[in-house]
Amino acid sequence: MAELKFDVAIAGGGLAGLTAAYALAKKGVNVALLERGSYPGSKNVCGGIFYPVILKKLIPEYRSEAPIERLVSKRSFHLMAGEACFSFEFSLPTECFTVLRAKFDRWFAGKVEEAGATIICETLVEDVIRRDGRAVGVKTDRGEIASNLVIIADGAPSLLAEKLGLRKPSKPNRFVLGVKEVISLPEEEVERRFNLSREEGAALIFYGEPLTKQASGFIYTNRESLSVGVASYLHQLARLQENPNQLLEEFKRAKAVAPLVKGGTIKEYSAHLIPESYEGELYGEGVLVAGDAAGLLNSSPLFLEGTSLAMASGLTAAEVSLEALERGDYSKRFLSKYERMLNDSFVLKDVKRYRRFPEFLEKYSDMLADYPRMFGEFLAQIYSADERPKEDKVKEAFARLGGKIGLLKALLFLLKLWRSTL
Ligand SMILES: Cc1cc2nc3c(=O)[nH]c(=O)nc-3n(C[C@H](O)[C@H](O)[C@H](O)COP(=O)(O)OP(=O)(O)OC[C@H]3O[C@@H](n4cnc5c(N)ncnc54)[C@H](O)[C@@H]3O)c2cc1C
């Protein structure tokens with residue numbers, strides 16, 4: 001690569017990097033985005049419900065252009081307990097939709113190029129070049145690129161932010177591993193199985209057996225396929241010597257899941273880390289960190305939202321970069337504005353509000369697995385077909401349940417669950 005010089009160099013062409021590049025290019029900034037994959041999206045994994053909070057600001061006409069799979073108008077949560085399963089489902093008008101990231105990010109990258117940014121693919125950023133302690137460009141496997149500012153958006157785990165000392169070295173308990181298959185099914189079969197009309201989509205989240213403690217499963221409907229996956233803490237997988245592929249197979253065989261995925265053909269398999277902790281620095285001398293690279297993700301199981309936070313932080317990084325370029329001030333002191341802006345926005349408010357959930361999961365994982373099973377036994381007892389009077393069965397079932405759970409402990413559990421998820 002010949003000696004190249006840009007105002008801003010962005011490492012990583014996911015949602016955070018693409019958003020920053022788009023916003024900067026629209027303002028006429030000379031920006032380069034470096035992506036290790038053969039095109040943006042080729043290496044990206046997401047369940048994936050897309051939250052268009054920022055997209056609708058950037059590209060108001062996105063609904064008629066973007067490769068949207070289905071609008072997620074039905075959501076449900078399922079607690080599996082072997083043979084039993086407790087479900088809570090609701091329908092709602094929505095702007096959120098399912099995407100296949102390989103298609104979606106590629107479309108978005110086209111918009112970024114149209115806006116005037118330079119996207120350089122198949123290029124791995126190996127390090128940030130520093131002079132007198134300040135970032136002045138990036139070193140790639142194809143040569144060096146000079147820039148006034150660097151935005152790190154390489155996803156999780158961010159090796160670049162780690163190298164700069166902006167993130168602590170990666171530890172398994174700070175990441176969840178998500179493994180996902182895209183399973184193709186005819187369009188009408190997707191609609192029949194999930195009771196959907198043509199545009200509608202569904203998002204189903206699962207907890208409980210056969211998934212191990214601290215693991216969850218998901219099914220999202222696409223137009224002619226399902227995104228089916230499991231997510232589990234890395235340190236738990238290591239501790240239990242669990243194979244994530246096997247966990248996914250067990251999930252697909254679960255009584256509540258098997259009929260939904262039956263007969264489908266696996267089109268795609270992917271695995272990716274999800275950051276579960278926000279700690280470290282969001283900026284340094286001449287450098288900003290955005291998206292998953294900075295641990296900006298809402299990890300509440302009710303929301304699991306990373307797409308909007310990645311885009312919002314990418315946009316904020318672009319806004320601060322623009323001001324820094326105008327002033328010619330790339331100092332850490334000036335760039336600290338980035339953190340202040342994120343603190344005032346939903347990004348850090350949500351991240352900080354819900355960061356207690358991983359702790360909750362760690363502490364109460366036994367209960368999350370045991371309570372659904374006990375509740376299943378309770379219901380099985382009161383709905384059993386025998387000649388005993390119902391009142392006797394109900395009393396007996398309550399006595400057994402109360403003896404096993406303990407009212408105070410259960411109330412405390414529910415309170416903590418409420419506080420860490422809502
Ligand atoms: C299984 C799973 C399910 C999820 N489900 C949802 C969901 O339903 N809804 C939701 O909102 N969020 C979901 N998320 C989270 C969401 O996908 C992320 O928060 C979001 O993609 C983060 O975007 P990003 O741009 O920060 O990082 P990424 O999307 O990871 O992009 C990083 C990019 O940087 C590139 N890159 C990495 N290193 C380098 C390098 N050294 N040089 C050059 N390029 C590099 C990568 O190839 C990639 O293109 C899910 C995540 C996973 C893993």
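The values are calculated or read from the model by the stated rules, or taken from the named source; none is laboratory data. Keep in mind the model is a prediction, meaning the values are calculated, not measured. Positions of Cβ are generated from backbone atoms using ideal geometry, with glycine treated the same way; all protein chains shown enter the neighbour counts. Keep in mind that these areas ignore ligands, DNA and RNA; they rest on the heavy atoms of the full protein, side chains included. Shrake-Rupley method; radii C 1.70, N 1.55, O 1.52, S 1.80 Å.
Here is how the numbers come out for the structure above:
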{"read-out": "Whole-Å semi-axes of the ellipsoid equivalent to the range 301-361 (Cα gyration tensor, √5λ, descending)", "value": "28, 12, 7"}
{"read-out": "HN-Hα J in Hz across the range 214-230 - Karplus 6.51, -1.76, 1.60, θ = phi - 60°, x for Gly and Pro", "value": "6, 10, 9, x, 8, 9, 10, 8, 9, 4, 10, 6, 10, 9, 10, x, 10"}
{"read-out": "Whole-Hz ³J(HN,Hα) from phi, Karplus 6.51 cos²θ - 1.76 cosθ + 1.60, for the range 132-148, glycine and proline x", "value": "6, x, 10, 5, 10, x, 10, 9, 10, 6, 10, x, 9, 10, 8, 7, 6"}
{"read-out": "Those lysines that a straight Cα-Cα span of less than 23 Å connects to K180, excepting residues fewer than 8 apart in one chain", "value": "K43, K74, K103, K171, K213, K252, K255, K262, K267"}
{"read-out": "Cα pair distances in the range 101-141, grouped into 5 Å bins until the bin that holds the longest one, percent each", "value": "6, 19, 16, 18, 18, 14, 7, 3, 0"}
{"read-out": "Within the chain, helix-based [θ] at 222 nm, where runs of 4 or more DSSP H residues each add -39,500 (n - 2.57), nearest 500", "value": "-12000 deg cm²/dmol"}
{"read-out": "Helix 307-327 vs. the chain, principal-axis angle (Cα, 0 to 90°, nearest 10)", "value": "20"}
{"read-out": "Choice from G291, G314, G82 with maximal GNM fluctuation in the chain (Cα, 10 Å cutoff)", "value": "G82"}
{"read-out": "Where T221, T212 fall by accessible area, highest first, once all protein chains stay in place (1.4 Å)", "value": "T212, T221"}
{"read-out": "Sequence of L124, L211 from largest to smallest accessible area, 1.4 Å probe", "value": "L124, L211"}
{"read-out": "Rule-of-thumb Rg ratio for the range 163-216 [Cα; 2.2 N^0.38 Å; N residues]", "value": "1.81"}
{"read-out": "Isotropic mean projected area of the C-alpha convex hull, the chain (nm²)", "value": "22.2"}
{"read-out": "For a label point 7 Å along the Cα-to-beta-carbon line of Q381, residues of the range 85-119 with backbone N under 14 Å", "value": "none"}
{"read-out": "Nearest-10 value in Å² for the accessible area of K363, using the 1.4 Å probe", "value": "150"}
{"read-out": "Carbon + sulfur, % of accessible area of the chain - ligands and nucleic acids excluded, 1.4 Å", "value": "53"}
{"read-out": "Accessible area per residue, Å², the chain with all protein chains present, probe 1.4 Å", "value": "45"}
{"read-out": "Whole-angstrom gap from the range 246-303 to the range 37-84, using each part's C-alpha centre", "value": "12"}
{"read-out": "Value of relative contact order over the chain, rounded to a whole percent, pairs C-alpha under 8 Å and six or more apart", "value": "19"}
{"read-out": "Residue-count net charge about G376 - beta-carbon cut-off 11 Å; Lys, Arg +1, Asp, Glu -1", "value": "-3"}
{"read-out": "Rg [Å, one decimal], Dmax [Å, integer] - the range 329-422, C-alpha atoms", "value": "22.8, 82"}
{"read-out": "Förster radius 41 Å - calculated FRET efficiency between L240 and D392, Cβ distance, rounded to 0.05", "value": "0.50"}
{"read-out": "Over the range 173-272: Kirkwood hydrodynamic radius from C-alpha pairwise inverse distances, Å", "value": "13.8"}
{"read-out": "Share of pairwise Cα separations in the range 1-86, more than 15 Å, in percent", "value": "72"}
{"read-out": "Cα-based Rg and Dmax for the range 43-165, where Dmax is the largest Cα-Cα distance (Å)", "value": "20.0, 63"}
{"read-out": "For A203, distant residues with modelled amide H under 5 Å away", "value": "K74, R75, S76"}
{"read-out": "Estimated vicinal HN-Hα couplings, Hz - the range 257-272 in sequence order (Karplus 6.51, -1.76, 1.60; Gly, Pro = x)", "value": "9, 3, x, 7, 9, 3, x, x, 10, 6, 9, 7, 10, 8, 9, 7"}
{"read-out": "Bridge type composition, the chain - antiparallel percent by DSSP, nearest 5", "value": "65"}
{"read-out": "Nonlocal amide H pairs with L4, under 5 Å, H built at 1.01 Å", "value": "A146"}
{"read-out": "Under-5 Å amide H pairs with I129, H placed in peptide plane, nonlocal only", "value": "V136, G137, V138, K139"}
